[in-house]
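Q: Shown below is the structure under consideration.
All of the numbers you see were taken from the coordinates with simple rules; none came from a lab. Quantities reported herein were computed from a predicted structural model and do not represent experimental measurements. Note that we place each Cβ from the backbone using ideal geometry, even for glycine, and neighbour counts take in every protein chain shown.
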Amino acid sequence: MVRARAGEKDTLREAQNALGVAPGTVEAVLGSPKSLLAGQPAGPTEFPLNKKLRDELTKTMRDLNRFWRAPMARTLRAEAALVNARTVTLMGLIAAHRVRDANVLNERYIQPAADKLKAAIITADGRLGREIKAADATAWRATLGVIGAAGVLLVLLIVGMATARRRRLRAEVEQGVLRDSERRLRALVQHGSDMITVVKPDTTVIYQAGAVGLMLGCAPGELEGARLTAWLDPDDVAALMELCATPATASAELRLRHRDGNQRTCEVHATNLRQDPAWEGIVLNIWDVSERKELEERLRHQAFHDTLTGLPNRALVLDRAEQMLARARRQQIPVAALYVDVDGFKHVNDTFGHAAGDELLQTVAARLMTVVREGDTAARLGGDEFIVLLEGSTLDAGPELVAERLLEVLREPYEMSGKLGRQLTITASIGIAVGAHTDADELLRDADLAMYDAKVSGRNRYKLFESNMYSSSQDRLTLEMDLGEALERQQFFLLYQPTFDLRSESVTGVEALIRWRHPTRGIISPLEFIPIAEDSGLIVPIGRWVLEQACRQASIWHDRGHRIGMSVNVSGRQLDEDDLIEDVRQALQDSGLDPAVLTLEVTETTLMRDPAAAADRLHQLKQLGVRIAIDDFGTGYSSLAYLRQFPADALKIDRSFIGGIATSKASAALIHTLVQLGKTLDIETLAEGIEDQAQLQTLQRESCDEGQGFLFSRPLDVSAVEPFLNAAQPAAPIASQ
C-alpha cells in the first residue's frame with residue numbers, strides 16, 4: 001500500500017512538473033513572432049526557433065497526459081494543439097510577406113485560444129495540487145508505521161557497514177596516492193598542451209616543461225638561463241615584466257615568437273612562488289590560444305557578413321547606417337540608402353535551380369561593388385534584396401545618378417556557368433531614401449517602400465521615397481487581402497473587345513479582359529490589381545479562371561453560329577508554371593472548343609526574360625493546336641534572332657506606336673517596319689489602340705492585317721457581344737460610318 005501511494009504521488013508530481021513549464025512555453029510560442037508581426041524582417045533563426053517552441057509545447061502536453069490521466073489533461077492537450085496549428089498558419093503568412101493577414105489571425109484566433117489555454121492550465125494546476133496533497137497525506141500515514149519499527153535498526157546497520165568500509169578504503173588509497181601522484185604530475189607536465197616556465201623577476205628562465213616545442217620550437221631545457229623577453233613581441237615586454245612583479249597571481253595575453261618566425265598568441269597566468277623552496281621563482285602557465293583567436297575572428301566575420309556573397313549582412317549594414325546618420329547629424333552631410341531588389345529572381349530559381357539563383361546573387365553583388373565607392377557600403381539584406389549606403393561626395397550629382405548606374409550594370413547580360421550559350425538578362429527595382437532619419441530602421445523602411453513603388457510601376461526603374469507611399473502601401477496591402485477572396489466570392493467578370501480584319505473591317509474575334517467588381521470600391525482596373533496578383537502568385541488561379549470562362553463562352557458563341565476567335569492573356573507567372581499546359585488542355589476539353597480558335601497572348605517583355613525557356617514553353621502550347629500572339633510588340637527589345645525562336649502566329653503592335661502614325665513620320669516609319677517584319681516572318685500583325693480614322697487609314701495603307709480599339713468598339717459585356725456580332729454582319733466599312 002505504501003509503495004502504491006508513493007508511486008501515485010510521484011506520478012502526479014511528474015505531471016505537475018510538466019504543467020509548471022506550460023505557461024512559459026505558451027508565452028514563448030506567442031512571443032516568438034511578435035517582432036515579425038510588427039513588420040521587422042525575419043532573421044535566419046526566427047522560423048526554426050518558433051518551430052522548436054511549438055514542439056516543446058506539444059511535448060509538454062504529451063508528458064502531462066502520460067502522468068495524469070484526467071479528462072482535463074486531454075482537454076489541455078487539444079487546446080494546445082489548436083494554438084500550435086494556428087501558429088503554423090501565422091508563420092506561413094509571415095513567410096509569404098502577408099503581415100497584415102498574420103496580425104488579423106493572431107488577434108482574432110490565436111490570442112483568444114491562448115488565453116483560454118492559459119486559464120485552463122491555472123485551473124488544472126489547482127486541481128493537480130489538491131490530488132498530490134491527498135496522495136501525499138495517505139502515503140505519509142502508511143509510511144510512519146513502518147519507519148517507526150525498522151528505522152533505528154536500519155540506520156545502525158548502515159552506519160556500521162559504512163564505517164568498516166571507510167577504514168579499508170582509507171588504507172588502500174593512502175598507499176596508492178603516494179605512489180602515483182608523482183608519476184601522474186610528471187606525465188601531465190611533460191605531455192600536456194600547456195607550457196610551464198619558471199622565471200626569475202628579470203624573466204631569466206629557471207625551468208621549462210610541457211609544450212615548449214610546439215610554442216617556441218625549442219627542446220625543454222634549451223632556453224634555461226636565457227631571458228624569456230627575447231622570444232616575446234617587443235610590444236608585450238612591459239606586460240611580461242608586470243606579471244613577474246605580481247605579489248600573488250596575475251594574467252595577461254602575450255605574443256610569443258616561434259623559432260620559425262611565426263607568432264603565437266598565448267594566455268599567460270603568473271603565480272609568485274619565490275618564497276616556496278621547491279620553486280624559488282615565478283611560475284608561468286602558458287596556453288596557446290592562436291587557433292581560438294583565429295576562430296573568433298572568423299566567427300565575428302561570419303556574424304556580420306553574408307556567406308554567399310561576402311557582403312555585409314543586415315546586422316552590419318544597420319550598424320553602419322546608424323553611424324552614417326550620426327555623421328550626417330554632426331557634419332551636415334548628405335546621405336542616402338538605395339534598396340535594390342532583383343526583378344524575376346523567383347523565375348531563375350524555379351527554372352534553373354537554387355545553384356543558378358545563388359550564382360545570380362553573387363553576380364549582382366559583384367556588379368554592385370563596381371559602382372560603390374570606397375567608404376560607401378553595399379550589403380545583402382537577404383534573398384534577392386540588397387542595400388547601398390551613400391554619403392558625402394558620392395551624392396554630389398544626386399542619388400539618382402548612382403541608381404541609373406546600378407540599373408545599367410545590372411542589365412548587362414551574363415552567361416550562366418554550366419549552361420553553354422544560355423545568357424540571362426536581369427533587371428532591378430530600386431527605392432531611394434535620402435536625408436536625415438530618426439534611425440537606420442526608418443531609413444531602410446522608406447527605401448523599401450520606394451522600391452516597392454518602383455516594382456509596382458513596372459520594374460527596371462528607381463523611385464525616390466515620398467511620404468504618400470505610406471498610404472499607398474497600406475492600400476495595396478488591403479487590396480491584396482481582398483484579392484485573395486475575390487475569386488472565391490465570384491467578384492471577377494470578363495469583358496470582350498472585338499478585333500477586326502482591317503481589309504474587310506469585319507469582326508475576326510474578341511479579346512477576353514478581366515475586371516474586378518469590388519464590394520466597396522466598385523469596378524477596379526486590371527492595371528491596379530494584376531501587378532498585385534503577379535507578385536502574390538494569385539495570378540495563376542485567376543488566369544486559370546479567365547481561361548476556363550473564355551473557352552466556355554467562345555464555345556457557346558460557336559454553337560450559335562458566331563465563328564470568331566478568342567484571345568486570352570497569359571502572364572509571366574503563368575508561363576513559368578508547368579501546370580499551364582494542363583490548364584489549357586483541360587479548358588479546351590471541358591468547353592469542347594476547337595484549339596485553333598484560342599489565341600494565347602504573351603507580352604514581349606515576358607518572353608525576353610529568358611528567351612530559350614519561353615520558346616520551349618510556347619512550343620509545348622503550340623502542340624495543343626492553339627495560336628500564339630506576342631502582345632505589346634515593340635516594347636521588349638527582342639532581336640530578329642530571338643523572334644525566330646518563338647512559334648508566333650501574330651504580333652500585336654503596342655498602342656504606344658499607334659498614337660502618332662498619322663502625324664509623325666518617325667511613328668509611321670516604325671509601323672511600316674513592324675508590319676513588314678511580320679510579313680517577312682509570315683506572321684499576322686494586329687494594331688492595338690486604334691482611335692480615329694487617320695490611324696485606321698494609315699494602317700490600311702501599310703497592309704496591317706487586323707486591329708482593335710475604341711474606333712471599332714469598347715470592351716463589351718458578355719450580354720452585349722452577341723447583338724454586336726449580329727449587327728456587324730455584314731459589316732459596313734468603318735471609314736464610311
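Q: What order, most packed first, do the peptides 208-214, 289-295 have when packing is the mean number of other Cβ atoms within 10 Å of each residue?
A: Final packing ranking: 208-214, 289-295.
Q: Leaving out same-chain residues fewer than 8 places away, which lysines sit with a Cα under 23 Å from that of LYS622?
A: Hits, sequence-local ones excluded: LYS652, LYS679.
Q: Can you work out the FRET efficiency for the pair LYS116 and GLU488, with r the C-beta to C-beta distance and R0 = 25 Å, to the nearest 0.05?
A: About 0.30, to the nearest 0.05.
Q: Separate question: As a test of understanding, state the convex hull volume per residue of the stretch 192-294 from its alpha carbons, in Å³.
A: 91
Q: In whole Å, what are the extents of the stretch 371-516 along the principal axes defined by its C-alpha atoms, from largest to smallest?
A: Principal extents (Cα only, largest first): 65, 44, 32 Å.
Q: How would you rank LEU318, LEU228, LEU338, going from fewest to most other Cβ atoms within 10 Å of each one's own Cβ?
A: So the ranking, lowest neighbour count to highest, is LEU318, LEU228, LEU338.
Q: Based on the alpha carbons, how large is the Rg to Rh ratio for the stretch 237-298 when Rh follows Kirkwood?
A: With Rh from the inverse mean 1/r over Cα pairs, Rg/Rh is 1.06.
Q: Quick one: grab the alpha carbon gyration tensor of the stretch 546-656, order the square roots of its eigenvalues as a ≥ b ≥ c, and give me rounded if a/c is under 1.5, else prolate or oblate depending on whether a/b is larger than b/c.
A: Prolate is the answer for the stretch 546-656, as a/c is 1.5 or above and a/b outweighs b/c.
Q: Could you point to the residue in ALA119, GLY484, TYR452 farthest towards the positive end of the chain's charge dipole, with +1 and -1 charges on the Cβ of Lys/Arg and Asp/Glu respectively?
A: ALA119
Q: Further question: Quick check on the exposure proxy: order THR508, THR351 from fewest to most C-beta atoms within 10 angstrom.
A: Listing THR508, THR351 from fewest to most nearby Cβ atoms yields THR351, THR508.
Q: Please arrange HIS619, HIS518 by counting, for each residue, the other beta carbons lying within 10 Å of its beta carbon, fewest first.
A: Fewest-to-most ranking of HIS619, HIS518: HIS619, HIS518.
Q: Suppose only helical runs count, i.e. DSSP H with n ≥ 4. What mean residue ellipticity at 222 nm does that imply for the chain under -39500 (n - 2.57) per run, divided by all residues and rounded to the nearest 500 deg cm²/dmol?
A: Computed mean residue ellipticity for the chain: -18000 deg cm²/dmol.
Q: Run the numbers for GLN474 and GLN323: contour at 0.36 nm per residue of separation, minus the present Cα-Cα distance, in nm.
A: Full extension from GLN474 to GLN323 adds 51.3 nm.
Q: Can you check what the net charge comes to around GLU480, using other residues whose Cβ is under 12 Å from the Cβ of GLU480 (Lys, Arg +1; Asp, Glu -1)?
A: Around GLU480, the surrounding residues sum to -4.
Q: Another one. Can you figure out the FRET efficiency of TYR207 with GLN40, using R₀ = 45 Å and their beta-carbon distance, to the nearest 0.05?
A: Efficiency for this residue pair is about 0.15.
Q: What is the P(r) of the stretch 486-719, as percent of Cα-Cα pairs per 10 Å bin from 0?
A: 7, 32, 37, 21, 3, 0
Q: While we're on this one: 7 Å from Cα along Cα→Cβ at both GLN332 and THR246: what's the point-to-point distance in nm?
A: Here the answer is 5.3 nm between the modelled labels.
Q: How much length, in nm to one decimal, is gained on full extension between LYS52 and ALA70, taken as 0.36 nm per residue of separation minus their Cα-Cα distance?
A: Here the answer is 3.8 nm.
Q: Under the √(5λ) rule applied to the eigenvalues of the Cα gyration tensor, what semi-axes describe the equivalent ellipsoid of the stretch 519-585? Give them in Å, descending.
A: Equivalent ellipsoid semi-axes, largest first: 24, 18, 9 Å.
Q: Would you please give the FRET efficiency between HIS97 and ALA727, computed as 1/(1 + (r/R0)^6) with r the Cβ-Cβ distance and R0 = 30 Å, to the nearest 0.05?
A: That gives a FRET efficiency of 0.05.
Q: What does the convex hull of the alpha-carbon atoms of the chain project to on average, in nm²?
A: 53.1
Q: Which whole-number percentage describes the relative contact order of the chain, with Cα contacts under 8 Å and a sequence gap of 6 or more?
A: 6
Q: Can you list, bin by bin at 5 Å, the percent of alpha carbon pairs in the stretch 305-466, starting at 0?
A: 2, 9, 19, 22, 21, 13, 7, 4, 2, 1, 0
Q: Then there's this: If I stretch the segment between ASP350 and ARG108 completely, what's the gain in nm (0.36 nm per residue apart, minus their alpha carbon distance), one decimal?
A: Once the chain is fully extended between ASP350 and ARG108, it gains 83.6 nm.
Q: How far apart, in nanometres, would the label points at ARG127 and ASP579 be if each is projected 7 angstrom from Cα along the Cα-to-Cβ direction?
A: Calculated label separation equals 4.6 nm.
Q: Next question. Let a ≥ b ≥ c be the square roots of the eigenvalues of the Cα gyration tensor of the stretch 294-337; is it rounded (a/c under 1.5), or, if not, prolate (a/b larger than b/c) or oblate?
A: Verdict is prolate for the stretch 294-337.
Q: Roughly how many debye, to the nearest 20, is the charge dipole of the chain about its Cα centre, given +1 on each Lys and Arg Cβ, -1 on each Asp and Glu Cβ, and no other charges?
A: 3760
Q: While we're here: Tabulate in residue order the Karplus-calculated ³J(HN,Hα) for the stretch 701-708, using 6.51 cos²θ - 1.76 cosθ + 1.60 with θ = phi - 60°, rounded to whole Hz; enter x for Gly and Pro.
A: Each residue's phi maps through the Karplus curve to give 5, 7, 6, 5, 6, 9, x, 8 Hz.
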